[in-house]
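The values are calculated or read from the model by the stated rules, or taken from the named source; none is laboratory data. As the structure is a computational prediction, the values presented were derived from the model and not from experiment. Please note: Cβ atoms are built from the backbone with ideal geometry, for glycine as well, and neighbour counts cover all protein chains shown.
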Amino acid sequence: MTSNISDNLSNVRTRFAPSPTGPLNPGGVRTALFSYLFAKRYGGSLILRIEDTDIERSKKEWEQDIFESMKWLGLVWDEGPDYDNQSKYIGEYGPYRQSERKEIYAKYLKKLVEEEKAYYCFCSKEELESYKQYAMSQGLPPVYPGKCRDLDQATIQKYLDEKRPFLIRFKTPKGQKITFNDAVRGKVEFDSTLLGDFSLSKGFDNPLYNFVVVIDDYEMKITDVVRGEDHISNTPKQILLQEALGLSKVRYAHLPLILNEKRQKLSKRDNVLPISAYKKEGYFPEALNNFVALLGWNPGTEKEIFSLEQLTKEFSVEKIQKAGAIFNPQKLDWLNGFYIRQKPLKELARLCIPYLEERGLIKKNEKMIRPEDELLPEVSYSIIATGENIFEDYLENAIALYKERLKKLSEIGDLVDFLFAGILEYPAEMLKWKKMTDYQELADSLNKTLELLSAIEEKDFIKENLEKILLDEAGKMPDRGFLLWPMRVALTGKMNSAGPIDIAAVLGKQRTVKRIEDAISKTRSVK
């Protein structure tokens, strides 16, 4: 991965290396997605490596969350923990958990110490903090001043015999310019003096981030590292370690920061959910992939809808922007709404059923067949509020009312709850259209609606007939709201809903007539 994409892109091996210290979030997914796309774009491999050296914060539950979220998104890794049995590995460069690679790290640490490229540091936490505070008070970079850099061997052995805790520090060359060519930002340069002698490990058993990633990238033959901009400051340290150990270098692409809508760095306060929560809320994996891909990558066209396959074909690092990417939840909702509308109605209804069940609106019947055709078994449900049996066609018709405005599946319960209700609870005053002068006009409207609906045969109670009859009558009134508004509220108990004629067609004659009668009863109490 270089600024010239055609340079040496054979045998590409990228890695996604999350820490299991929390659930996978959109920022992590972007790194995983871009690494996946880059690898697949050039026929390479994606390696999943679990960076669990932070023993206190790493948890198996978060590791499992990473696995499940990536598989749900379709970001399947070529090497790493096995999909079905995470105690095993896919690939020949494992283990792929850092906690299981300590012997490998110790070998390289000892090599650096023996070659005097790293050294023991016996300074206490209090001393280190005082050095840091003093440097900052002088306007200097808060780097380690090198007190233990030139300890003689006798002193080192004495402290080791006393079992003093120690760090292993890298002996950073002074006054050296470290440059690398970032695929997104071009040439980047650092002064080694500003890095100080950074820590590699606490003792020999607790290696730290900048050291272990260098070893892992080399041992796992990683060629290209895609990661967030916040890692740029780590890159010169890792390059120095690669040079000190004589390891092959990798190519880097640092992704722009993800910002909130105020163009500030995204934080937990910005209501960004873990991927598992987006899944639970009823977002689709294709919507999340599409949304995350556009956080910093610009296809160079007006096109905004991409499948994972299309992203793989069109992705290139040259089109990753340097400026921060805005996390816009409304854009995610828009994309998810698009993918919702692409689903066949039957499939969408079945996806919505768990949300209706969780909302306490319906429950699945154990065994039920459609009564008019006993030879055709079909899944059926019952409305919890009334005990009434319904079939999937009723659910499909209910979902169809809101398919065009649905942004996520978890919204469906609040939108269609009235279709699964018994007696609706709402104030009688809500029935009155804003242009009505008294409740007699309301009563006349509801009675007229009841008369018209009652006259329609059950088999003819369909949208086309309802439109003709009701709209003809509504056209005779001062405006259509005189007829349609009271009907809407009577059928839904809400001020905002789908159109009353569409709702009546879903409810059917019996339920519709019953709700109009209930509304008429309500008006009697306010006359």
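Scanning segment 149-183 for residues being farther than 21 Å from residue 200 by Cβ and aliphatic (A, V, I, L, M) gives a total of 2.
Suppose we keep only residues that are in contact (Cβ under 8 Å) with a residue 60 or more places away in the chain and not polar (S, T, N, Q) within segment 260-276. Which one would you say is surrounded by the most Cβ atoms within 10 Å (Cβ to Cβ)?
From segment 260-276, those in contact (Cβ under 8 Å) with a residue 60 or more places away in the chain are 260-261, 263, 266, 272-276; that's our starting set.
From the residues that got through so far, the ones that are not polar (S, T, N, Q) too are 261, 263, 266, 272-275.
Numbers: 261: 12, 263: 10, 266: 20, 272: 17, 273: 15, 274: 18, 275: 25.
Here the residue is 275.
Among the residues of segment 278-316, write down those that are part of a loop (DSSP other than H, G, I, E, B), touching a helix residue (DSSP H, G or I) at 6+ places or on another chain (Cβ under 7 Å) and of a type in the set (A, V, I, L, M). Of everything in segment 278-316, those that are part of a loop (DSSP other than H, G, I, E, B), touching a helix residue (DSSP H, G or I) at 6+ places or on another chain (Cβ under 7 Å) and of a type in the set (A, V, I, L, M) turn out to be 295, 305.
For segment 387-403, the set of residues classified as modelled with pLDDT of 95 or more and farther than 30 Å from residue 334 by Cβ is empty. Residues in segment 57-110 that are under 30 Å from residue 307 (Cα atoms) and part of a loop (DSSP other than H, G, I, E, B): 74, 75, 76, 77, 78, 82, 83, 84, 85, 86, 91, 96.
Can you go through 61, 115, 68 and tell me which one is under 21 Å from residue 218 (Cβ atoms) and either out of contact with any helix residue (DSSP H, G or I) (no Cβ under 8 Å at 6 or more places or on another chain) or not small (Gly, Ala, Ser) (or both)?
Details: 61 fails: under 21 Å from residue 218 (Cβ atoms); 68 fails: under 21 Å from residue 218 (Cβ atoms).
Residue meeting the stated conditions: 115.
For segment 208-226, filtered to residues that are touching a strand residue (DSSP E or B) at 6+ places or on another chain (Cβ under 9 Å) and more than 24 Å from residue 92 (Cβ to Cβ), the residue that is surrounded by the most Cβ atoms within 10 Å (Cβ to Cβ) is 210.
For segment 475-485, does any single residue satisfy the condition of being touching a residue at least 12 places away in the same chain (Cβ under 8 Å), closer than 23 Å to residue 398 by Cβ and either part of a helix (DSSP H, G or I) or assigned by TED's automatic domain parsing to the domain that holds residue 434 (or both)? Yes; the residues of segment 475-485 include at least one that is touching a residue at least 12 places away in the same chain (Cβ under 8 Å), closer than 23 Å to residue 398 by Cβ and either part of a helix (DSSP H, G or I) or assigned by TED's automatic domain parsing to the domain that holds residue 434 (or both).
Please determine, by comparing only the residues of segment 276-324 that are over 10 Å from the mean Cα position of the chain (by Cα) and among the β-branched types (Val, Ile, Thr), which one is nearest to residue 36 (Cα to Cα). So the residue we want is 312. Within segment 65-79, does at least one residue satisfy the condition of being among the hydroxyl-bearing types (Ser, Thr, Tyr) and closer than 26 Å to residue 200 by Cα? Scanning segment 65-79, I find no residue that is among the hydroxyl-bearing types (Ser, Thr, Tyr) and closer than 26 Å to residue 200 by Cα, so the answer is no.
Would it be correct to say that residue 343 is under 20 Å from residue 72 (Cα atoms) and either surrounded by 15 or more Cβ atoms within 10 Å (Cβ to Cβ) or modelled with pLDDT under 95 (or both)? Spell out how you get there, then give the answer.
Numbers: under 20 Å from residue 72 (Cα atoms): yes; either surrounded by 15 or more Cβ atoms within 10 Å (Cβ to Cβ) or modelled with pLDDT under 95 (or both): yes.
Spelling it out, residue 343 is indeed under 20 Å from residue 72 (Cα atoms) and either surrounded by 15 or more Cβ atoms within 10 Å (Cβ to Cβ) or modelled with pLDDT under 95 (or both).
Exactly one residue out of 456, 501, 516 is in contact with a helix residue (DSSP H, G or I) (Cβ under 7 Å, 6 or more places away or on another chain), in a loop (DSSP other than H, G, I, E, B), at pLDDT 95 or above and outside the structural domain of residue 385 (by TED's automatic domain parsing): that is 456. The combined condition, being aromatic (Phe, Trp, Tyr) and either touching a Cys at 6+ places or on another chain (Cβ under 8 Å) or not in a helix (DSSP H, G or I) (or both), is fulfilled by residue 144. Of the residues making up segment 188-203, those that are in a loop (DSSP other than H, G, I, E, B) and buried (at least 16 other Cβ atoms within 10 Å of the Cβ) are 195, 196, 197, 198.
Looking at the structure I just gave you, is residue 144 of a type outside the set (Lys, Arg) and either surrounded by 17 or more Cβ atoms within 10 Å (Cβ to Cβ) or at pLDDT 95 or above (or both)? For residue 144, the condition - of a type outside the set (Lys, Arg) and either surrounded by 17 or more Cβ atoms within 10 Å (Cβ to Cβ) or at pLDDT 95 or above (or both) - is met. Among residues of segment 40-62 being hydroxyl-bearing (Ser, Thr, Tyr) and in contact with a Pro (Cβ under 8 Å, 6 or more places away or on another chain), the one that is farthest from residue 15 (Cα to Cα) is 58.
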